Amino acid sequence: MLGLVINLTFLVSVTFFVCFLAVATYRVVCDSEEVKNKEKRAKLLKPIEGVFNPKEELIRIRQTPKSDRRQKLNEYKKKLANQIAGLAMVQTEVIQAIRKNPDSSPKELIEMARSLGAGFGMSKKQFYSAKKILQKYCIRRAKIRKARRRRYPDDKRIYRAAFGENPSSAVRVIESPFVLYFCCANLDDYVRIYFSDAGPTYRNKNAEKMNKSGGVYKPQLVVFGAKGIVAAEKSNAGRFSRGVSPRVYKHEEQHAINALVGSKTPENFHEESIPYGPIEPLTLKLKRFICSRCRMVEAQAHDELLAFFTCPSDEVDEVFRWLTNTAAEGGSYDYLDEERKSLLAYFDENGVCYYRQIAKEVVTKVLRDEYRELIRTGLNAFQQLLGLGFSREEAIAILGHEPLRRWRKLANRLADTVKSN
Ligand SMILES: [Zn+2]
């Protein structure tokens, strides 16, 4: 008996020591990572003392004498780029912390964002927006956790509870901090998720097309009381047996992070009406109108590029082709294809002869050539950031806060900042 007690005491002590050692090692790893992150930030960027509120600063600059304005504006732009990148690095570090412990309390995460953000002049408004995002994350996370761990630990049961029907074949469900990820071995089970907002007739009619699709994120879908927590993968039996595709998983999860953080849509966007009139100003007006249509899809391309950047093995030229090839060329991301077709059809039916010709030229220029250029410069900006020393995750976070049209300028400004550091 005594022997047993001694043994038990020994066992408890050893267990305690192992746990203590594990916690201590974890802490050392965390601390060394924190130090590494801190050193990296200092190497790439300049700390900002005090508070830097971009909007207020711009108003102040506009009130200074004209002679000083240009120089002040240049300094402002550099400082702003520095802050965007700094806060993006903070965001990356908070996401790293979430990945380590998805169930961190909102208080812990908000405090982390506040203390790291202070090094880059985080304003009150920026802090409140970070706080709102982190609170939203914690609410969603709690719902994912409750659904998966407490109510439906079984893969098939959680599928049925979320989409109303039993899956016809194997389904594997992964709980990421940001989404419930359904990897479906059967096309119909995947299509049920893909078109979860449409009826069964529509689903059946379009099911075959989905053979081309690898994965999907559903930003508007509500399951288990939370919006935007579902992503899915269409796997075939062979691949499924080897497990979930890390490439598709990362890609779809990034869409969920983009949606949580808030994808940056182009500013000053307003829809314009189709112009008519004398030939000269018409070309310009027409261009402005078509550009406004182009901006509507810019946000989609922005979101898609960020998701593609998660995969190091995706070659730049390949991503370019995926995003710009028309459906006829075998592409599935040419968001302007439909727009182009419907505008050309519209002008064919309604335009007088000279107008039709101009419209065709402008549509092709804006919706084809300029869009391709936008994607190409976007890809280059990302490569430039990697070249400066930012990690893939950091570069994604930096570009996530800037409309696609401005990526090149931001990357160039950051190149100046890093070189002058
Ligand atoms: Zn995507």
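The values are calculated or read from the model by the stated rules, or taken from the named source; none is laboratory data. Computed from a predicted structure; not experimentally measured. Note: ideal-geometry Cβ built from the backbone for every residue, glycine included; neighbour counts use all protein chains shown.
Working carefully through the options Tyr190, Tyr249, find the one that is within 29 Å of His401 (Cβ to Cβ) and within 16 Å of the ligand (Cβ to nearest atom).
Only one candidate passes the filter, namely Tyr249.
For the range 238-246, check the following and say yes or no: at least one residue is outside the structural domain of Trp407 (by TED's automatic domain parsing), at positive phi and surrounded by fewer than 22 Cβ atoms within 10 Å (Cβ to Cβ).
yes
From the list Glu318, Glu402, which residue is among the charged types (D, E, K, R), farther than 21 Å from Lys287 by Cα and at pLDDT 90 or above?
Among Glu318, Glu402, only Glu402 is among the charged types (D, E, K, R), farther than 21 Å from Lys287 by Cα and at pLDDT 90 or above.
In this structure, is Ala162 among the aliphatic types (A, V, I, L, M) and modelled with pLDDT of 95 or more?
Yes; evaluated as a whole, the condition is true for this residue.
Within the range 377-421, track down each residue that is among the aromatic types (Phe, Trp, Tyr) and under 17 Å from Asn82 (Cβ atoms).
Across the range 377-421, the qualifying residues are Phe390, Trp407.
Restricting to the range 193-224, what's the tally of residues that are of a type in the set (Ser, Thr, Tyr) and more than 15 Å from the ligand (Cβ to nearest atom)?
Number of matching residues: 3.
So for the range 303-310 (the condition being more than 17 Å from Ala231 (Cα to Cα), buried (at least 18 other Cβ atoms within 10 Å of the Cβ), at pLDDT 85 or above and within 15 Å of the ligand (Cβ to nearest atom)), does at least one residue qualify?
Yes, that holds for at least one residue.
Please name all residue pairs, on different chains or six or more residues apart, with Cβ atoms under 7 Å, provided the first residue is in the range 212-237 and is over 15 Å from Asp189 (Cβ atoms) and not assigned by TED's automatic domain parsing to the domain that holds Gln300 and the second residue is part of a loop (DSSP other than H, G, I, E, B) and within 12 Å of the ligand (Cβ to nearest atom).
Taking only residues 6 or more apart or on different chains, the pairs are Lys212/Ser332; Gly228/Pro219.
Please pick out the residue among Val223, Val191, Val179 that is within 24 Å of Ala327 (Cα to Cα), among the β-branched types (Val, Ile, Thr) and buried (at least 16 other Cβ atoms within 10 Å of the Cβ).
Val191
So, in the range 332-354, exactly how many residues are at pLDDT below 70 and either part of a helix (DSSP H, G or I) or surrounded by 11 or more Cβ atoms within 10 Å (Cβ to Cβ) (or both)?
Number of matching residues: 8.
Does Arg148 count as assigned to a helix (DSSP H, G or I) and closer than 27 Å to Arg99 by Cβ?
Criteria met by Arg148.
It is to be established whether one or more residues within the range 18-32 are within 23 Å of Gly121 (Cβ to Cβ), of a type outside the set (Lys, Arg) and either at pLDDT below 75 or buried (at least 17 other Cβ atoms within 10 Å of the Cβ) (or both).
Checking the range 18-32: not a single residue is within 23 Å of Gly121 (Cβ to Cβ), of a type outside the set (Lys, Arg) and either at pLDDT below 75 or buried (at least 17 other Cβ atoms within 10 Å of the Cβ) (or both).
Go through (1) part of a helix (DSSP H, G or I); (2) closer than 21 Å to Ala185 by Cα; (3) at pLDDT 60 or above and name the single condition Val244 misses.
(1) is the only condition that Val244 fails.
This table checks each residue for (1) farther than 28 Å from Arg41 by Cα; (2) loosely packed, with under 13 Cβ neighbours inside 10 Å; (3) in contact with a strand residue (DSSP E or B) (Cβ under 8 Å, 6 or more places away or on another chain).
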site: Arg70; (1), (2), (3): yes, yes, no
site: Arg99; (1), (2), (3): no, yes, no
site: Lys107; (1), (2), (3): no, yes, no
site: Ala113; (1), (2), (3): no, no, no
site: Gln126; (1), (2), (3): no, no, no
site: Ala147; (1), (2), (3): yes, no, yes
site: Gly164; (1), (2), (3): yes, yes, no
